[in-house]
1. Provide the gained length on full extension for the span B:Leu159 to B:Ser34, in nm with one decimal, where the gain is 0.36 nm per separating residue minus the Cα-Cα distance.
2. Along each of its three principal axes, how wide is the spread of alpha-carbon positions in region A:152-297, in whole angstrom units, largest first?
3. What does region A:222-263 give for Rg and for Dmax, in Å, if only its C-alpha atoms count?
4. For a footprinting-style exposure proxy, rank B:Ile65, A:Ile201, B:Ile161, A:Ile51 by other Cβ within 10 Å, fewest first.
5. Can you give the average number of partner chain beta-carbon atoms within 10 Å of each beta-carbon in peptide A:265-272, as a whole number?
6. Tabulate in residue order the Karplus-calculated ³J(HN,Hα) for region A:180-194, using 6.51 cos²θ - 1.76 cosθ + 1.60 with θ = phi - 60°, rounded to whole Hz; enter x for Gly and Pro.
7. Of A:Lys211/B:Lys111; A:Lys211/A:Lys273; A:Lys120/A:Lys188, which sit over 21 Å apart, Cα to Cα?
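No lab work stands behind these numbers, since they all come straight from the coordinates. Quick caveat, the model's predicted, so the values are computed rather than measured. Every residue, glycine as well, gets a Cβ built from its backbone with ideal geometry; the counts of neighbours run over all protein chains shown.
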Amino acid sequence: MHHVNIAIASQPLVSRLWYQATTKIELLFYGGTPGARASTEHSSPIIRLQIPQDVVEIIISYFIYDTTTLLACSLTCYSWYIATAPHLHHSLTINDRRFSNMGYRSFQTSYRLGLLPLVKRLRIRRWPYWSEIGVTPGRLCRRTFHRLSALTNLRELGIDYLEVSRFMPRIRRCFGCFSPTLLFLALKDPRGSCRQILYFIGLFPNLQDLKLQSCSSEGEQEITGDTGLIPLSTPPLRGWLTLTCFTRVTLIRDMITLFGGLQFRRMDLFRVKCVRLLLDTCAETVETLRLYPTDLYGEVFLKKREGDELK
Amino acid sequence: MNSSEEFVANNRALLRDFNLSRNKSLRTLETTASSIDDAEGTASDFLMTVLSSVTSPVPVDVVIIYQDIHLEIPFIYPPYNPIMPIYFCYSRRTEMWDHSLYQRRLEVPHKVYSTRGFRLVLCADVCDRVVERAIQGLEDFVKAGKMEGGSSHFPYRPLIISERRLLCTRKYDSFPGVSGDRHDFPASAL
């Protein structure tokens, strides 16, 4: 598998990397300039037993897609373990119920071993998945919240069935620890008013990508008293917007109002009720658009058109 | 009224939602092979309508995304081993590519091309360990199309690219925002 990864890269790049690596190795073992090898062959070489960490990291970077090789490398020596650990612990999934399965145990173990700062992606799932109750403060125990603050480099966060309203008004205390680093947020069927959901999104001032899935207006519970709820920040939101089965038009309208417009560069829209509004709002910025010919709105129209033609 | 304008006029209802005439910076229109398959005959109509609304003179790329299943790369789960992490294990494919299926998929961009010129991009969105196989499969598919006079209609040879996917280390890890429990995800963000 090793040679496959290298073979995919372009030949000049591989040659350059190989030359750089061999030059560094020559410098390590023979000292002086790269050409000093010949002159030092008969004298005692300057031997350093440890390869510099940056060279190890370059080597390891070829195997980031190959988990088995990464694991084998991590068992070789301490410096290789240090280089492989970030690639092995980049993602973590936990369930909202303690002791529900191994997901929680791996979270505990990662915390105990001090590996949580290496995690870049976190997903919090509802357990059991058929439960009516979403992720609430009661289901995520206090100890879990305390440990979430150890995820100091988290870039991507996904939460299924987050009961935003149940976390109010202390939601900042629970998830505010991700504010400095979070770039991507994915919410599946979030529960709460539009203002509450936007307040949650506004907790992350560096957020670029947003994904909202199964957001329907049927479960929408607007609270008259929360109109004064203003997001704490205006995230840039200039990356991907992914909406799937999304009919909460009010949420998008409020987002445009409270965040002063939208500037997404890429949009992935499937079964979205407010496509027109989104395309117009991001007319100046959107560069990539992902659409699906099976989209409910397009499909309904096309079927109707076929019917009209038959008439 | 030329044919393109006539087509737009006939598809006003669809254009109420998917009108791109105001989008001045659009460079890429993406869709998936699975949605083309599922939409059957309506896929080309949908894409023609959407593309016909693009008024920007900037060239547009149309990207069709193929995942493992569309490239006929089957996967199996190995028996759970507590020492090794769980990962997709791709079995060796020995049967021939179903060229007729690919030919049907290429027909859609062929039809759409008459509405508005674009560069066709075929993207293999697969796990890293099968990237080479997927790319080779797409190249075979384009060659087969060309032999039958299919892709020769394009002034450009379709560009073939790949999106590499990383595997999760732990059994229960999965990608945020994805339904179900996919154990791989794009590496581009890391």
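1. Values: separation 125, 0.36 × 125 = 45.00 nm, distance 1.92 nm.
Net length gain for the segment: 43.1 nm.
2. So the extents along the principal axes, rounded to whole Å, are 42, 34, 26.
3. So, for region A:222-263, Rg and Dmax equal 11.6, 32 Å respectively.
4. Numbers: B:Ile65 20, A:Ile201 24, B:Ile161 13, A:Ile51 16.
Ranking B:Ile65, A:Ile201, B:Ile161, A:Ile51 by Cβ neighbours within 10 Å, fewest first, gives B:Ile161, A:Ile51, B:Ile65, A:Ile201.
5. Values: counts 2, 2, 1, 1, 2, 2, 0, 1.
Across A:265-272, the average partner-chain Cβ count within 10 Å equals 1.
6. Each residue's phi maps through the Karplus curve to give x, 10, 5, 10, 10, 10, 10, 10, 9, 6, x, 10, x, 6, 4 Hz.
7. Details: A:Lys211/B:Lys111 32 Å; A:Lys211/A:Lys273 15 Å; A:Lys120/A:Lys188 19 Å.
Over 21 Å Cα-Cα: A:Lys211/B:Lys111.
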